[in-house]
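Every number in this text was worked out from the coordinates using simple rules, so none of it is lab data. Here the structure is a predicted model, which is why all the values come from computation and not from measurement. Cβ coordinates were reconstructed from backbone atoms using ideal geometry, including for glycine residues, and neighbour counts include every protein chain displayed.
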Amino acid sequence: MRVMAQLAMVMNLDKCIGCHTCSVTCKQTWTNRGGVEYAWFNNVETKPGQGYPRRYEDQSRWKGGWTVRNGRLRLAGGGRLRKLLNIFANPDLPELDDYYQPWTYDYRNLTEAPLSEDIPVARPLSAVTGAPAEVKWGPNWEDSLGGAPQHAPEDPVVQKLGRDVRFEYEQSFMFFLPRICEHCLNPSCVASCPSGAMYKRTEDGIVLVDQDRCRGWRMCVSGCPYKKVYFNHKTGKAEKCTFCYPRLEVGQPTVCAETCVGRLRYIGVMLYDADKVGAAAATEDEQRLYQAQLGVFLDPHDPAVAAAAEQSGIPHDWITAARRSPVYELIARYRVALPLHPEYRTMPMVWYVPPLSPVVDALSGTGFDGEEAGNLFGAIDALRIPLDYLAGLFTAGDPEPVRLALRRLGAMRAHMRSINLGEPTDQRGPGRVGMTAAEIESMYRLLAIAKYADRYVIPTAGIGRAHELEGIATRCSLDGDGGPGMVDGRTDLFTWRDDERPDGMFPTLRGGARP
Amino acid sequence: MTDAFDLLLWAVLPYLTLVVLVGGLVWRYRHDRFGWTTRSSQLHESRLLRIGSPLFHFGLLFVIGGHVAGLLVPASVTRWLGVHDEMYHLVSFTAGGLAGAGTVVGLGVLLYRRWRTPAVRRATSGDDRLMYPLLAATVLLGMTATVLTRSIDYDYRATVSPWFRSILLLDPDPSLMSAVPLPYRLHALFAMALFALWPFSRLVHAFSAPVHYLIRPYIVYRTRDHRLASRRARPGWDDT
C-alpha cells in the first residue's frame, strides 16, 4: 500500500443555477491575458448540449484519455513512438473554431465616432487578429438550451443513448455542468507530454504545467479527454486549471468554489492507494470503472490506513483533514457523488452529485407531488431519459449507481420535508435507500446547510512543514527582507549615509555599468 | 587579399558561428527558458499545417542525416566499405534530392500558410521575419548545389567535406574552399548565418527534441516547489 493524498472537489449539481460566477472569477484570476482569450479553466455548460470545446466528449474524434487493449492501458491517441511521429502536426488537436473565435468589441467607436445621424455602435472584433469578426459560436452558446433543437442532438452523450430525446421546450430536461480540470489520478495529459513538463504534485495531487519546461508540443491538449489543457497561442505554452494552488496552500478554497453563489462546491482530502491506480484504470468493463475507482480510495478512519499514511510521509494534519473530508463523505460514505466520464480511464477527481431536479420538475409538471418519496422513486424509474443521460455522463451508462444516488437524494427530500412540516417521519424511508435517519440528516446538513467550514476542509501546505517554519521563526528577524542585517538586493534607508550611492536604489544597465 | 578574405570566411567565421551558437544556447537556456518553445500555430490553422509541417520536418531530418554522412564520413571510408563512388553519388543524389524536395515543398506550404492565414501572419514575430528568408535561402541554395553536383559532376567530398572536418578538428584549412563552386559557398555562408540566429529564434526548439519521452514513465510526479506560492516580493528595481 502506497498512500497518497489528493485534494478533490465535489459539485452538487442540483444547486447550480448556471450563473457563471465561477467562470468569470476564474477568468479574471487566471486567463485574462493575451493568448488565452479563448480559454476557460472553469466553464459551465448546459446539458444536454455539445459543450466546450464542441463535442469534446466524442473520443472517437479527439482520442483523449486511455483505452484498454489486452488488459493493458494505452493512450487513446497512440503510444510514445506514435506521439513523436505526429509531433509536427497533431492530428487530434482542436482548432480555435472548435472552442470559439474569441472576440471583443470596438468600444473606441462609441466615443470617437464622428457626429452623425446614427448612434455609433461597437462592432465585434476578433481578439486574435483585430479584424472585424462575425460571432458564430461562443464558450456558452447553448446556455439554458438555447438552440437546443438544432444543436443538442449533436451532444455525444445523447447520441450514445441511441434514443429519441426531445428538445422542444416543454418536453426537454436540462441542468448545468460546471467543469474544471479533473486533476486525475491517472492523468493522460501528463502521460502525453513529450517534454515531461506536466506533473502531478506528490503532496496534493494537483496537476500542473511547468512553464519553463513546456516546449509547446501540444500533445497534452489532445491527450486530455476533458479538453482542459489549453494552448496559449501567444507564449506557445500549455496552460491549465491550477486548482488555485496558491490559495489552497494557505488553506483557502479555489476561486471558483469561493465565489460560487449556490455554494455547491466541496473541497477536501482523499487518501488513495497509488499502487492500485493502474490496475483500477485498466478494468476491462467500463461500467465497472466507477466501482474500481471507489476501490482505490482508502478509509482515513482505518488505523492501518492512517499508519501507512504517516509512513508515506503524509503530514498528520492532512490525515485528520481526510477524516473530516466532505468530499470523502459524499463520494465514499453516502455514494451520492459520481465521477464525470469514468470511461476515459483517467480516474478523475472532480465528482458530481447528480441533479434530481429534472426528475422533480417532470413529476411536478404532471400534477403529482414532486417531493413525496413514493412518487419520486416511481419517477426516477419511469423517467428513463434523464436517468440514462446522467448515467452516460457519470457511470459509462450503468444506471444503477445514478439511481441509488437519486433515490438517496429523494429520500432526503421526503425525510426532511416531514421534519420541517412537523409530520411523523417515515421510519422505513431511509432504510429503503440503505441509510439511517441520522445519516440522512447529516447528509442533509452537508448538502443543504452547507456551512463554509463544512464545505472546505483544506489542510495548509505550511502546517505540514511546521518543523521548517519553526526554524525560520527562530532566525534573527533583522536578517529578513528590508532589515538592516540584510546584505544584498535591497536598499536599506536606515543605514544609508548621504555621501553614499546605494546600490539597488537606481537601476543598473545590463552588464552592471552604472548610468 | 583573396587569402585574407578566404581566411575570414572559412576559418574565422565558422568559429564565430560556433561561439554564437553554443553561447547563445547557453544564454537562452539560462535566461529565457520560458521563451524556449515551438510557438506552434496549429491552433489557428491545421489543414495546411498537416501537409506542410511533416513534409518539411521529416524532409529536413533526412537532409540533416545526409549532411552528417556526406560531411563527416570521409570518402576513403565509404570506399573501404566497398561502396563505389559512382553508386555513392547516385544514392546520395536520389535520397538527398527527394528529401530536399520534400523540405522545399513543405517549407513552401508553411510559408504560404503563414502569409495567407491572418491569425498565423499576426503571430509572426520579428525574428521570424529574419529567420524564414534565411532558412528558405539556405535550403534553396542547398538544393541548387545538389542539382549542380549532378550536372557538372562535382565531387564535394574532396573539398567541402574535408574543410568541414578540418573546422571540427580545430585545424581549419580555408584553401580547400577557395575553388568550390559559388552555390556551395553561398549555401555554407547562409547556413552559418542561420546557425548564428538559431539560439535567438524559434528554431531553438530543435534542441529540445523530446527523445527522452520514449523511455520515461508515463506519469510524472514532482514534489512541491520548496518555496510556498506566497513568496517574497522582488526588490523594486530588479529588472530581471
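Rank these for me by crowding, A:Ile458, A:Ile119, going from fewest to most other beta carbons within 10 Å.
A:Ile119, A:Ile458
How many partner chain Cβ atoms sit within 10 Å of a residue's Cβ in peptide A:183-194, on average, as a whole number?
3
Order of A:96-108, B:73-85, A:244-256 by packing, highest average Cβ count within 10 Å first?
Packing proxy ranking, top to bottom: A:244-256, A:96-108, B:73-85.
Whole number please: convex hull volume per residue, Cα atoms of the stretch B:16-115, in Å³.
Considering the Cα atoms of the stretch B:16-115, their hull volume per residue is 143 Å³.
Let me check I've understood the local charge: for B:Thr117, count other residues with C-beta under 13 angstrom from its C-beta, Lys and Arg +1, Asp and Glu -1. What total comes out?
Residues close to B:Thr117 contribute a combined charge of +3.
Kirkwood Rh over alpha-carbon pairs of the protein assembly as shown, then Stokes-Einstein at 25 °C and 0.890 mPa s: what D in µm² s⁻¹, rounded to an integer?
After rounding, the answer is 81 µm²/s.
Please report, in whole Å³, the volume per residue of the convex hull around the C-alpha atoms of the stretch A:13-257.
So the per-residue Cα hull volume is 175 Å³.
Hey, what number do you get for chain A at 222 nm if only DSSP H runs of n ≥ 4 count, each worth -39500 (n - 2.57), divided across all residues, to the nearest 500?
-8000 deg cm²/dmol
Label-point separation (nm) for B:Asp155 and A:Arg445, each offset 7 Å from Cα along Cα-to-Cβ?
The two pseudo-label positions are separated by 9.4 nm.
Ranking request for peptides B:106-117, A:270-281, A:174-185: highest mean number of other beta-carbon atoms within 10 Å first, then the rest in descending order.
The packing order, highest mean first, is A:174-185, A:270-281, B:106-117.
Taking the Cα centre of each part, how many Å lie between the stretch A:382-407 and the stretch A:267-339?
23
Give me the one-decimal nm value for the distance between modelled label points at A:Lys136 and B:Ile64, 7 Å along each residue's Cα-to-Cβ direction.
3.8
So for B:Val91, A:Val360, fewest C-beta neighbours within 10 Å to most, what's the order?
B:Val91, A:Val360
Need one value for B:106-119: mean number of C-beta atoms belonging to other chains within 10 Å of its residues' C-beta atoms.
Per residue, the number of nearby Cβ atoms from other chains is 1 on average.
Kirkwood hydrodynamic radius (Cα pairs, Å) of the stretch A:357-435?
That comes to 12.9 Å for the stretch A:357-435.
Sticking with the crude label model, points 7 Å out along Cα→Cβ, report the distance from B:Arg216 to A:Lys234 in nm, one decimal please.
2.8
May I have the convex hull volume per residue, in Å³, for the Cα set of the stretch A:130-219?
182
For chain B, which semi-axes, largest first and in whole Å, follow from the square roots of 5 times the eigenvalues of its Cα gyration tensor?
Result for chain B: semi-axes of 37, 23, 20 Å.
To the nearest whole number, what is the average tally of beta carbon atoms from other chains within 10 Å of the beta carbons of peptide A:199-210?
Mean shielding by partner chains, rounded to a whole number: 3.
Measuring from the lowest to the highest alpha carbon on each principal axis, how far does the stretch B:129-171 reach, largest first, in angstroms?
In descending order, the Cα extents are 35, 31, 6 Å.
Run the numbers on chain A and let me know its relative contact order in percent, using alpha-carbon pairs under 8 Å that are six or more apart.
Reported as a whole number, the value is 19 percent.
What ranking do A:Lys451, A:Lys83 get, fewest neighbouring Cβ atoms within 10 angstrom at the top?
Ordered by Cβ neighbours within 10 Å, fewest first: A:Lys451, A:Lys83.
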